[in-house]
Each structure stands twice: as C-alpha cells, then as structure tokens.
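Encoded as structure tokens, the structure appears first; notes follow it.
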Amino acid sequence: MLNRDPARWPRLLTALVVLGLLVPSAAYTRFDPFALFQPETLSTLAGFVAGFFPPATGAAFLAEVAKETLTTVAVASVGLALAMAIGAPVAFAVSRGLDAHRLSGERARPLAEGGKSALRAAMVLLRGVPEIVWALLFVRAAGLGSLPAVLAIGLAYGGMLGKVYAEIVESQPAQPARALAAQGAGRFVRFAWGVWPQALPELISYTVYRWECAIRASAVMGFVGAGGIGQLLDTSIKMMNGGEVSTLLIVFLLLVLMTETVSRFARRASESRAGLAVVVSAMLALFVASVAWLAPGWQGFEFAALPRFAAEFLPPDTDAATLAELARGTLETLAISLLGSAIAFFGGALLAVPAAGRFGAPARAAARLLLNLLRGVPDLMWAALAVLAVGLGPAAGVLALALHTSGVLGRLFAETLENAPREPETALVALGAGRVAAFVHGLLPQVIAQWLAYTLYRWENNIRIAAVLGIVGAGGLGQQLYLALSLFQQQAAASVIVAMLLLSWGVEQISRAVRQRLEA
C-alpha cells in the first residue's frame, strides 16, 4: 500500500486559498498580464526600452554620477555606524544571554524586565517603519540632503541590529558567562570576558552584511530627496532621459557587485584574528572618510524642527473617511504583494531551471545574468521604471515586485535544484520517461515545499516593500503616505504608518502559520 502524504489536504487547501485570492487581487490592482503582450503594448515597451540606448557618457554627467556614487557609499557607511551606536547598547541591555537570573538563578527584577520589554518594543517600531519612510519623514521635517538618509538608515537598521546582535549573544555557549556570574561578575564583565571573544567574528560578519544592504537602501533614498544615485535617477526618469537612466542603472549594478565582493571578502577575513583587525580598521577608516565627505552638506539641517514635526503626528487621524481610505490602501497593498509574489514564483521557477544548468553552460550563464539583473535593481527603482512603462497605479507596483522578486526567488530555486538528489529523476529516465516527465515527477516533488516556503518568506518582505512603492506612484499605502505628507496632513500620515506596521505584523503571523502547515 502506498504511503500518502499526511499534509496533502492542508497543502492543497492552502494552494486553493492562495489561488482564490489571486483573481480578486488582479482585478483590484487592474493588473492584466495578457495586456503586456498585446501589439500596441509591446510597441510602447519597445520604444521605452530603446530610449535607454546608448547610455549617457558625457563628462559632466559622469562626474556627477561619480560624486553621487561616493555619497551613496558614504551615507550607507555613516548610517550603519549610527545603527551600531543604537543597536549595540540595546542588544547589550536586552540580551537574555547576559541576564543574571538566567545564568545564576537570581531573582529577576520586575523593573529591569519592564525596561527591557520597552526597549524591545522600541526596536520593533524602528525596524518596522521602512527606511525610505524614515527618510521621507526627515526630508519633510528638516530639509533635503544626505543627512535624512543617514538618520533613516541609522534608525531602521538600528532596530534590526539590536534584534540580531542580541540573538547572536544569546546563541553563544553559556558556560563562560555562567561561570563568571557564579563568581559575582557584573553584566559588562560577563559580556566582555564570557561572550565577546566568541561572538565577535559573527557580529562583524553580520555588520558587514548589513553594510552591503545599506548600500542598496541608500541608493534609493534620493527618490524622496535624500541624495545619492537615487536622486540623479529620479531626476533622469522625470526628464525622460533614458540614456542617463541606463548609465545610472549600470553604475548601480556595478556598485552592488563591488559591495557584494567586498562584503564576501570581509566576512571571510573576519574568521582569522589578523583578518578581523584589518576589517575593523577598514571600517573605521571608511567611517571617518565618509563623515568628512558628507559633513559639509549637513549645515542647513534643522534639528530643532524635528520635535515640533513629530508632535504634529499626534494623535493619528481616526475619522471614518480616513479609516475607509486606509482600508482601501491596505487592501491594495495586500493585493500588490500577493499578486507580485505569485507571479514571481512562476517567473523564478522558469528561470531557475536553466540557471541550475539543465540546458547547458551558455543557458546557465545567461539565466544567472538575468537573475542578477532582476534582483540587483531595487524594487523602488523597478517601480519608478514600471510607472513610466505602464502608468501610475498599483499595476506598476505588481510589475515591479514581480520583476525584483523573480530574481531573488530564481536564485534560491536554482540552488535547491542543484542540491536535490538526482536518483529519482535518473531512475524515471532509465524506465523510459521523458526529461520533462522525469523532472516533474522525480525532482519537482523534492523541492516544491522548499520553493513555497521561500515564497512565503519573501511575501513577508514584499508586504513591507509594497507598502512603500506608492512613493513613486505605484499605488498602495505608500501613495497615501506621500500624498498626506505633501498636503501637510501629518495626523493622516501617522494613521498610514500605523496601518503599515499592523499590515506587516499581520502578514508575518499568517505566513508563519502557513509555513508551519506546509512543513507539518
């Protein structure tokens, strides 16, 4: 008798629910994939793409690009340093791996535990608001320039680092800290001598990885007036200068490739004591150089305006009209994320097959190049380009999310195909099955659950992204936030930000529950 999968009905039910949601999502976002292949649309898109060639190579423009590229790197570096200044002390304060009552059996202090809970809640708020939203708020409060981008990365990434640093500390072997606690050592001594020596390489490795992420984040801050490559790109898009846009995209992709290479080298170097010293020295030198590069442009920033601006957000607007508009924006954001992620699942799957080398080396190289291009260009940049291609509205958000996420999922899917055992597929081929049938029945069943899990993880991330794509006109809550701030309706903007946080939290809970069903 054949063994049946005990989770087949939950998985089937989940798949049917998702498919059932895709139809209203397509209608709600007015996204018609078939319209993209109509002759008039293809002609328009061909003209749009043709405008990107040849890339702009004027000396004055390239000099400006070089300047803004340095600004992008500097913003990421100083922003990350600020994030470390926020996240590291919080992680030290809240990490359960340093608590005396856990290490030596002392009684927990209610006041101290309450303070730690408040700090954790603050970190959730900091990382829950996307960095581009923080940048938009600082620009509206105190002016244009690179400092809003630095502060935005510092706050958003400070929340992330506080959480991850604490988890790294908690994951270390507890015996050294427990021995020190038994001798009466204080929290700082327990950390400095019991945890720090073991955790340092992992802390440095994650920090370097976050710097790589900060480069991508700082590159799009210019869409809200916070400097860097994004500001040049925003101007070029609005001026319909395709040659400049293509040059900026090429420079950005080269910058991403460079930072990935440097990040990979730095993480490997951190595994040795000498390499770790070199990495730390390089980080300090980069920070000093970045501050020197950016500081002259910070003179006009009005710090005194920040408290007054923050007070204007309270209390959030809760009248019926605002709540009805928020409900519409929330549904639109949810539909964008769901449909974009679903399309990306199929796009990533199609690209993963050649990327895994199943059609030879040339096809593998071409597919991987396309995947790198799709995931290398940030979602917000894709959204700005999609608005030009298909017009304002949520359909542009769906297209942007689908393009970027196809690159992310395609890479992950290709890795699962390469790592999956080939014996079932080989056995089917030996029995006379065709290559397609052998793949569908021998290899796909091994990877499909992992593919779905990856897609659900990505959906959690995509709901946050979909919530901000409207900043460049791609619908959803982001468009409502941008409009509210443009009209100086701060209380309405506060309500939109709260809706963003609640939507992100809700999707995270749903995704976790669905993944548990799939993995059961």
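Computed from the coordinates by the stated procedures, all read-outs in this text should not be read as laboratory data. Please read all numbers here as calculations on a predicted model, not as lab measurements. Cβ sites come from the backbone with ideal geometry, for glycine too, and all protein chains shown count toward neighbours.
At a glance:
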{"read-out": "Least to most buried among Met239, Met160 (fewest other Cβ within 10 Å first)", "value": "Met239, Met160"}
{"read-out": "Cubic angstrom per residue, convex hull over Cα atoms of the stretch 26-142", "value": "250 Å³"}
{"read-out": "Residues of type aspartates and glutamates that Lys116 reaches as a straight line, Cα spacing below 19 Å, ignoring anything fewer than 8 places off in the same chain", "value": "Asp99, Glu106, Glu167, Glu170"}
{"read-out": "Efficiency of FRET from Cβ geometry, Ser171 and Ala453, R₀ 25 Å, rounded to 0.05", "value": "0.70"}
{"read-out": "Volume per residue that the Cα convex hull of the stretch 222-356 spans, once the total is divided by residue count, Å³", "value": "248 Å³"}
{"read-out": "Mean Kyte hydropathy of -1.0 or more with a Cα span along the axis of at least 18 Å, helices from DSSP in the chain", "value": "8-29, 59-94, 110-128, 146-171, 196-220, 242-269, 273-294, 320-355, 361-376, 394-419, 444-466, 490-519"}
{"read-out": "Principal axis dimensions, the stretch 456-498 - Cα atoms, whole angstrom, descending", "value": "36, 20, 8"}
{"read-out": "Alpha-carbon centroids, the stretch 147-197 and the stretch 269-315: separation in whole Å", "value": "20 Å"}
{"read-out": "Semi-axes of the equivalent ellipsoid for the stretch 383-501, Cα gyration tensor, largest first, Å", "value": "43, 15, 8"}
{"read-out": "Spin-label model distance (nm) - Ala320 vs Ala274, 7 Å beyond Cα toward Cβ", "value": "7.5 nm"}
{"read-out": "Separation in nanometres of the label points that stand 7 Å from Cα toward Cβ, at Ala182 and Met240", "value": "7.6 nm"}
{"read-out": "Pairs of alpha carbons in the stretch 293-370 whose separation is greater than 14 Å (percent)", "value": "79 percent"}
{"read-out": "Relative contact order, percent, the chain [alpha-carbon distance under 8 Å, six or more residues apart]", "value": "18 percent"}
{"read-out": "The stretch 336-439 - Debye-derived log10 I(q)/I(0), Cα point model, q = 0.16, 0.22 Å⁻¹", "value": "-0.72, -1.05"}
{"read-out": "The stretch 87-215: Rg to Rh, with Rh as the Kirkwood radius over Cα pairs", "value": "1.07"}
{"read-out": "Rounded FRET efficiency, nearest 0.05, which uses the C-beta distance separating Leu200 from Met258 and R0 of 41 Å", "value": "0.95"}
{"read-out": "R0 of 51 Å, Cβ-Cβ distance Ala122-Leu392: FRET efficiency to nearest 0.05", "value": "0.90"}
